[in-house]
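Contents: one structure, followed by commentary.
The values are calculated or read from the model by the stated rules, or taken from the named source; none is laboratory data. This is a predicted model, so every value here is computed, not measured. Cβ placement follows ideal geometry from the backbone for every residue including glycine, while neighbour counts extend to all protein chains displayed.
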Amino acid sequence: MTRDKEGQGGLAATPETAKPPVAEAIEVSRRFGPTLALAKMSLSIAVGESRALLGRNGAGKSTLVGIITGLLRPDSGSVLFNGQPAPSRAQRDRWRAHVACVYQKSMVIPSLTVAENLVLNRYPETRFGRIDWAAVRRETRAFLDEWDIPVDANTPARELTGDQRQALEIAAALSVGARFIVLDEPTAELEAREIGRLFERIQVLRAAGVSFLYISHRIGEIFEICQSVTVLRDGRLVESGPLDGRSQRSLVEAMVGDAGMSFTRARVRSAEAGSTEATPTTDNGAAPVLEVRNVTVPMRATEITFSLGPGRLVGLAGLGSSGKEEIANVVAGLVRPSRGEVRVHGKPVEPGRVDVAVEMGIGYVPGDRHERGLVPAMAVEENITLTIMRHLGPAGFVKRAFRNERASRLMKELEVVAASGKQPVSELSGGNQQKVVFGRCFASNPRVLVLVNPTSGVDVASKGSLFGAIQRSCAAGAAVLIVSDDLDELRDCLEVLVMFRGRITARFGEARRDQDLIAAIEGGGVDGLA
């Protein structure tokens, strides 16, 4: 790939690209103290274009999006919309008429209806100064029909599926005039069929002239939905141009550079060749470390039974409604089952007790690090040692020297990039925050690891570090359960159990095909139980 002229992305000349770009960033730079977050970065989005923005955590993507959406002021450079200078940052309504960002975490208000969310803070009024609810519903229906967004205006937002919530946020942006939308990790919390519907909707909107900047760590997705790509590394533009003719490997190499490529190349080769050379070995005849016996969670999971031996890496896959996360939460002590039990080395674990689960050697990485994984106001060293706090000093007192030594060791092992252990965890990049969550899990030297979507929203290099930590745990004899439907996260599993509608419906060994696994996850493999 050759870099576009003056570092700007672009497509081959078409009637649409003859128009001014819907959005441009021209040599924008931004520092945060001594850190150069973005260095003379240029980007151009054509009308009707869907462009991927790739880069490791900390590469500068969030800074660039902040500048494009008017949330951050660049130290130098400029932003244009449709060939005209962007409004001042104080003119928020004018910015929103040009660009909107749909984030991984939905900004929809669950207690309001679709119509109320769509016209939030700009309700039509009657001549008496009251909200004209009939006009709200009428205008919402007309707008949703115009853009072919299949959501009922009167539906409470809490009842919407993941892709419907995103459709509502896109509709809200379109309703105020924006024709350029940033999608930040839009599929991270969607099921496979919801992802398909989202992609179909994007294609329809593109045909109508709407443009997208698509940010995702799932590189395979961008080939389905994007025509062009821009890659950032260390705050600088690395490559920008058409996607046609590119491979996933070449994009990974552009993202990580020389650092970390030995691991990444080995992993890509292994996946492409179907190799299992990186897969941990186990003694199948050994007594199980973890046993899940007939566990039932009402309305979620029924009679779930499986066991893991020492050093065994097993996946538990399924749709969001399959019940797989409920099983993970039962093992971790977060949920009390209505029947069944969990055992570690043959000893029953008291149900619904997180503290007991930790003491018996169960480590847990939640699927959402923001909701359950971190205490944002606390420092890195405090977060990473939370599970062993009671062991860091006598009589309930924490000896800082003990804590700092243990925290430093964990940070080094997991390659956490931070100014120091005293830095607030909220200031770290997403990948480094996830490493802290892993460190908190590993701090107690667990014999069982339960990892829910362990690398979601994490860049390629950070994924390598986390996968390496998982492999080391297996080599040390831990039993590891990865709860996910991300094929890359399941790649190294010796076995994958598939749940559908609350039951284990299929089992796959090492000699499995991705298409068979996907079919089972979607409900097509209910007869394939081995």
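Looking at segment 153-257, what helices (runs of 4 or more DSSP H) fall wholly within it and have at least 3 residues that are of a type in the set (G, A, S) and touching a Gly at 6+ places or on another chain (Cβ under 9 Å)? Let's see the steps before the verdict.
Values: elements: 162-175, 192-207, 219-225, 248-256.
Answer list for segment 153-257: none.
With (1) of a type in the set (S, T, Y); (2) outside any loop (DSSP other than H, G, I, E, B); (3) within 22 Å of the chain's Cα centre (by Cα) as the list, and S322 as the residue in question, which single condition is left unmet?
Among (1) of a type in the set (S, T, Y); (2) outside any loop (DSSP other than H, G, I, E, B); (3) within 22 Å of the chain's Cα centre (by Cα), the lone unmet condition for S322 is (2).
Only one residue in I202, I215, I225 is in contact with a Lys or Arg (Cβ under 7 Å, 6 or more places away or on another chain) and at pLDDT 85 or above. Which one? Spell out how you get there, then give the answer.
On the way: I202 fails: in contact with a Lys or Arg (Cβ under 7 Å, 6 or more places away or on another chain); I225 fails: in contact with a Lys or Arg (Cβ under 7 Å, 6 or more places away or on another chain).
Exactly one of I202, I215, I225 is in contact with a Lys or Arg (Cβ under 7 Å, 6 or more places away or on another chain) and at pLDDT 85 or above, namely I215.
For a quick check of your reading: which strands (runs of 3 or more DSSP E) sit entirely within segment 417-530 and have at least 2 residues that are assigned by TED's automatic domain parsing to the domain that holds G318, modelled with pLDDT of 85 or more and under 20 Å from the mean Cα position of the chain (by Cα)? Give the derivation first.
On the way: elements: 448-452, 479-483, 495-500, 503-508.
Once the strands (runs of 3 or more DSSP E) in segment 417-530 are filtered for at least 2 residues that are assigned by TED's automatic domain parsing to the domain that holds G318, modelled with pLDDT of 85 or more and under 20 Å from the mean Cα position of the chain (by Cα), what remains is 448-452, 479-483.
Take segment 324-334 and flag every residue that is without any contact (Cβ under 8 Å) to a residue 60 or more places away in the chain and crowded, with 19+ Cβ neighbours inside 10 Å.
Just the residues of segment 324-334 that are without any contact (Cβ under 8 Å) to a residue 60 or more places away in the chain, to begin with: 326, 329-330, 333-334.
Answer for segment 324-334, where residues must be without any contact (Cβ under 8 Å) to a residue 60 or more places away in the chain and crowded, with 19+ Cβ neighbours inside 10 Å: E326, N329, V330, G333.
Hey, R507 hits all of (1) within 24 Å of V342 (Cα to Cα); (2) crowded, with 23+ Cβ neighbours inside 10 Å but one; which does it fall short on?
Going through (1) within 24 Å of V342 (Cα to Cα); (2) crowded, with 23+ Cβ neighbours inside 10 Å one by one, R507 breaks only (2).
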